[in-house]
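Worksheet for the structure shown next.
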């Protein structure tokens, strides 16, 4: 239960009201083909970043860790996700929490899968993956990431 006054949430003039927000259509974000059919569309803000990810069939991402906390929303398809010692079958509408510095991995099946990844603070390591992108590289989970 919140101890603050919820009225200030609904009255933006009560805050600093500085504005300066923006609207960006997802389709206007640069799309980077990391491996054949595997696309990243990153968006960076001051305190968080988003990555719109498309995984082709029979792909995914290998076990890895990073200091940023991550939340992912499954938009389309399904995937088997492992976070720490727990494995989950995720589907559209599921929200996955990846704590910072906890190993996680994922694998698609015969269908593509689309996620929205949210990172806080911003996940700058995605820039390294983009820099090593190779659209002809095999998107198999055990190959594309480590071949980069």
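The values are calculated or read from the model by the stated rules, or taken from the named source; none is laboratory data. Being a predicted model, the structure only gives us computed values, none of them experimental. When we count neighbours, we look across all protein chains shown, and the Cβ atoms used for this are built from the backbone with ideal geometry, even at glycine.
Summary of computed values
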quantity	calculated
Residue satisfying all of: in the stretch 17-46; touching a strand residue (DSSP E or B) at 6+ places or on another chain (Cβ under 6 Å) and over 13 Å from residue 114 (Cβ atoms); surrounded by the fewest Cβ atoms within 10 Å (Cβ to Cβ) among these	29
Scan of the stretch 66-102 for residues that are under 21 Å from residue 124 (Cβ atoms) and exposed (fewer than 14 other Cβ atoms within 10 Å of the Cβ), ordered by number	67, 97, 99, 100, 101
All positions within the stretch 54-107 that are outside any loop (DSSP other than H, G, I, E, B) and either in contact (Cβ under 8 Å) with a residue 60 or more places away in the chain or on the phi > 0 side of the Ramachandran plot (or both)	54, 55, 60, 61, 62, 64
Tally, over the stretch 41-82, of residues that are farther than 16 Å from residue 110 by Cβ, at pLDDT below 95 and in contact with a helix residue (DSSP H, G or I) (Cβ under 8 Å, 6 or more places away or on another chain)	3
Output for the stretch 115-148, where each listed residue is surrounded by fewer than 16 Cβ atoms within 10 Å (Cβ to Cβ), at pLDDT 95 or above and not in a loop (DSSP other than H, G, I, E, B)	120
